[in-house]
Amino acid sequence: MTLRRIKPLTFADAAPASIAGKKPELKWVAPTDLFVDETYQRDLTDRSFRLIERIYRGFAWNRVKPPIAVDDGGKYHLIDGQHTAIAAASLGITELPCFVVEAVAQDERARAFVGHNTDRIAVSPIAIYNALRASGDPDALDVERVCKRAGVTIREYTNTSTIHVGDTKAVTIIRNMIRKRGVIKSRQILECLVKGEMAPIAAGAITAVENILADRPQVDLEALARIIRMDGEAGFAKARAKASGDRTPLWRVLQARWQRRLDQDAA
């Protein structure tokens, strides 16, 4: 286990906030005593219902984030956490930990609501994968084993990163492919791209090879890897430009391009 202690940072060009108002109080509140101000908060959408159902199915106290609310004369107006509150109420939970903060005026509450929904970083698929892997999730462990045997490294990178053959961000595509094709075929597909010296391995390239193998089960993967290697970065860039210009998925352009080269070599 690697532990990283929280340490303060300094920001040369940023003025620190003036910390105002009272500290929040932690109170146990009945979920059905919480209210949503629809003046500035969203109504429930299909996506909301799916999220509530997911919380409902997987509710656990060690996963709960306390809702944030304002005490308005004994009525608790939610600023953040209505999905959690609705799931808890649906489960028959009689008390929920709730942070009660100071925000008297409605516009102040609305600003707080915006802050809670923008001052956060979306959790990346790779971060979720790493957490699932650490928890022993079978699907995540399958992804780890397949990638290790194929020579693929799942990692975050940017345009300025040093990228190596086999690096990829496409953890979701790989997980779905393993579920659909199994570990052996998935490893063969990824090995083909590693032998093709792709750096990084794009999601579209994985799907392209997956579909080639589905359409042509007897395809020579060594020959396909050689074509991908010869096509190189320049060929990939041309495929990406064509996909953008034709408004076609990249995988479809790559599949057609590589299949055409296979046919030419076989002629």
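The values are calculated or read from the model by the stated rules, or taken from the named source; none is laboratory data. All values reported here derive from a predicted model rather than from experimental measurement. Glycine also receives a Cβ, built like all others from the backbone with ideal geometry; neighbour counts cover every protein chain displayed.
Observations
- Of all residues making up the range 29-58, the number that are among the aromatic types (Phe, Trp, Tyr) and farther than 19 Å from Glu102 by Cβ: 2
Residue-by-condition table, conditions (1) touching a strand residue (DSSP E or B) at 6+ places or on another chain (Cβ under 9 Å); (2) modelled with pLDDT of 90 or more; (3) assigned to a loop (DSSP other than H, G, I, E, B):
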| residue | (1), (2), (3) |
| --- | --- |
| Pro66 | yes, yes, yes |
| Asp71 | yes, no, no |
| Thr84 | yes, yes, no |
| Ala89 | yes, yes, no |
| Ile93 | no, yes, yes |
| Cys98 | yes, yes, no |
| Phe113 | yes, no, no |
| Ile126 | yes, no, no |
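- The residues on offer are Arg226, Arg257, Arg240, and the sole one that is in contact with a helix residue (DSSP H, G or I) (Cβ under 9 Å, 6 or more places away or on another chain), closer than 21 Å to Ala150 by Cα and either free of Cβ contacts under 8 Å to residues at least 40 places away in the same chain or surrounded by fewer than 11 Cβ atoms within 10 Å (Cβ to Cβ) (or both) is Arg226.
A quick yes/no check of all residues on (1) at pLDDT below 90; (2) surrounded by 10 or more Cβ atoms within 10 Å (Cβ to Cβ); (3) over 23 Å from the mean Cα position of the chain (by Cα):
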position	(1), (2), (3)
Phe11	yes, no, yes
Pro16	yes, no, yes
Thr32	no, yes, yes
Asp43	yes, no, yes
Tyr56	no, yes, no
Asn62	no, no, no
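- Test: Ile154 is surrounded by 14 or more Cβ atoms within 10 Å (Cβ to Cβ), more than 23 Å from Ala223 (Cα to Cα) and among the aliphatic types (A, V, I, L, M): yes
- Matching residues, the range 133-166, being of a type in the set (D, E, K, R), without any contact (Cβ under 8 Å) to a residue 24 or more places away in the chain and part of a loop (DSSP other than H, G, I, E, B): Asp137
- Of the residues screened, Ile174 is not one that is at pLDDT 95 or above and farther than 16 Å from Cys147 by Cβ.
- Taking the range 172-267 and the helices (runs of 4 or more DSSP H) fully enclosed by it, the elements with 1 or more residues that are in contact with an Asp or Glu (Cβ under 8 Å, 6 or more places away or on another chain) and within 23 Å of Thr162 (Cβ to Cβ) are at 183-195, 221-246.
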